[in-house]
Amino acid sequence: MGFWRSALETLAKRKGVRAVIDNEIMLEDMEYVFGKNGSAQRFVDKTIVITGCGGFLGYYLTNCFVYLKSKGFPYRKLILLDTFLFGRPRWLEELERHHEDVEVHRFDIARDELEQAASALSADFVIHMASIASPSYYRKYPVETIEANVLGLRRLLEFYKHRPLDGLLFFSSSEVYGDPAPEAIPTPETYLGNVASIGPRACYDESKRMGETLCYVYHQTYGMPIRIVRPFNNYGPGMALTDKRVPADFAQAVLRGEDVVIYSDGRPTRTFCYIADAVDGYLRVLTHDEFGCFNIGMDRPEISVRRLADIYREAAAELWGYGGEVRFIVSEEKDYLTDNPNRRCPDITKARMALGFRPEISVERGVRRYLRYLRKELLPV
């Protein structure tokens, strides 16, 4: 497996993937999203600001807008902001090189002066997802995590409160629920949460909760067109192999031909939502006409982490004859399991009824698509 190990290391050094959509899985995903989502016309001749563009969701949403332009629904300008704490992805350089209507800026939304960048930040739609989302990383950078979700959001809201906007979307998290009581599974938006305010995950969980409060207050006070999403366990193309969440860890293991390692007893359960379904939901929330907070995720089936590992093993065995096993070890990161929720499953009734959101891609199918996407990205290496 020396070739694949070398290829994986090279792919990781790229800190991202290509922005020119030439991967058949991505093209199929884009066709799927916009085949069921009727929002394309809403973005024509609009300026869209995306904070946190360098991450998993930033990559995917950016490619969605580039795809729309290629299909005759051109935005006016795409403005992409990020601190690039973990390095600037190469795909952003390629994006700027191929698209004159795209601007990429190294910008700390919590610290840099917004007024000096007023002309660059003139927008019709704002998508704020500038935050560290992986527990291993936000435990390492807790202050930066709080700043992005609270200070950065507050500064954005102040900047845009008297400026015309079609919509501002705040990416909250399913982590605002903490570890729900058994009777709150599936978890509706009305559940108030069981969250630790002190602990290694609190920097993320509580800052997302405070972010939602800010959104509510600014909507109520200034009538801002704010919408909130609570994502539930997304995975798929664009998720870096160095992400340190289980979908990426398992993908890296099977691609290397190594055993799949689980840093728990494998019994915590989750539902996993393939990114194409999730992005369909995010765009529906962004273009929704009323203030609201929506769970966006897959509501079935709720499976154990161990079962997810087996799904990866089965997919890799089918695709290229993988023969690794599952191993259980204790993480060297002492807080790895502290305050980790035992169950995570959304009630998406509200999104289904108000938005027409209906995720369709099973975890078995989604994992295969993710692995096929990664193999295609690795072949040129």
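The values are calculated or read from the model by the stated rules, or taken from the named source; none is laboratory data. Note that the structure is a prediction, hence the values are computed from the model and not measured. With ideal geometry, Cβ positions are generated from the backbone for all residues, glycine too; neighbour counts draw on all protein chains shown.
Tell me whether the range 147-165 contains one or more residues that are buried (at least 22 other Cβ atoms within 10 Å of the Cβ), over 16 Å from the mean Cα position of the chain (by Cα), over 25 Å from residue 343 (Cβ atoms) and of a type in the set (Gly, Ala, Ser). Yes, that holds for at least one residue. Among the residues here, residue 80 does not qualify as more than 15 Å from residue 156 (Cβ to Cβ), free of Cβ contacts under 8 Å to residues at least 60 places away in the same chain and surrounded by 20 or more Cβ atoms within 10 Å (Cβ to Cβ).
Scanning the range 215-231 for any residue that is crowded, with 17+ Cβ neighbours inside 10 Å, more than 22 Å from the chain's Cα centre (by Cα) and not in a loop (DSSP other than H, G, I, E, B) turns up at least one such residue.
Evaluate the following for residue 168: is it in contact with a helix residue (DSSP H, G or I) (Cβ under 9 Å, 6 or more places away or on another chain) and either surrounded by 16 or more Cβ atoms within 10 Å (Cβ to Cβ) or polar (S, T, N, Q) (or both)?
Details: in contact with a helix residue (DSSP H, G or I) (Cβ under 9 Å, 6 or more places away or on another chain): yes; either surrounded by 16 or more Cβ atoms within 10 Å (Cβ to Cβ) or polar (S, T, N, Q) (or both): yes.
Judged against the criteria, residue 168 is a match.
Working only within the range 124-147, note down all residues that are modelled with pLDDT of 95 or more, touching a Lys or Arg at 6+ places or on another chain (Cβ under 9 Å) and in a loop (DSSP other than H, G, I, E, B). Passing the criteria: only 124. Scan the range 345-359 residue by residue and report those that are under 15 Å from residue 276 (Cα atoms) and either buried (at least 20 other Cβ atoms within 10 Å of the Cβ) or among the acidic types (Asp, Glu) (or both). Across the range 345-359, the qualifying residues are 357, 359.
Out of the range 332-346, which residues are among the charged types (D, E, K, R), outside any strand (DSSP E or B) and touching a Ser or Thr at 6+ places or on another chain (Cβ under 6 Å)?
In the first step, residues of the range 332-346 are kept if they are among the charged types (D, E, K, R); the result is 332-335, 339, 343-344.
Cutting the leftovers down to outside any strand (DSSP E or B) gives us 332-335, 339.
Scanning the range 332-346 gives no hits.
When we screen 248, 278, 317 for residues that are buried (at least 20 other Cβ atoms within 10 Å of the Cβ) and among the small types (Gly, Ala, Ser), the only hit is 278.
Rundown of residues vs (1) of a type in the set (D, E, K, R); (2) within 22 Å of residue 278 (Cα to Cα); (3) at pLDDT below 95, yes/no style:
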{"position": "10", "(1), (2), (3)": "no, no, yes"}
{"position": "14", "(1), (2), (3)": "yes, no, yes"}
{"position": "24", "(1), (2), (3)": "yes, yes, yes"}
{"position": "55", "(1), (2), (3)": "no, yes, yes"}
{"position": "64", "(1), (2), (3)": "no, yes, no"}
{"position": "68", "(1), (2), (3)": "no, yes, no"}
{"position": "76", "(1), (2), (3)": "yes, no, no"}
{"position": "98", "(1), (2), (3)": "no, no, yes"}
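Of the listed requirements (1) in contact with a strand residue (DSSP E or B) (Cβ under 8 Å, 6 or more places away or on another chain); (2) modelled with pLDDT under 95; (3) buried (at least 18 other Cβ atoms within 10 Å of the Cβ), residue 117 misses just one: (3).
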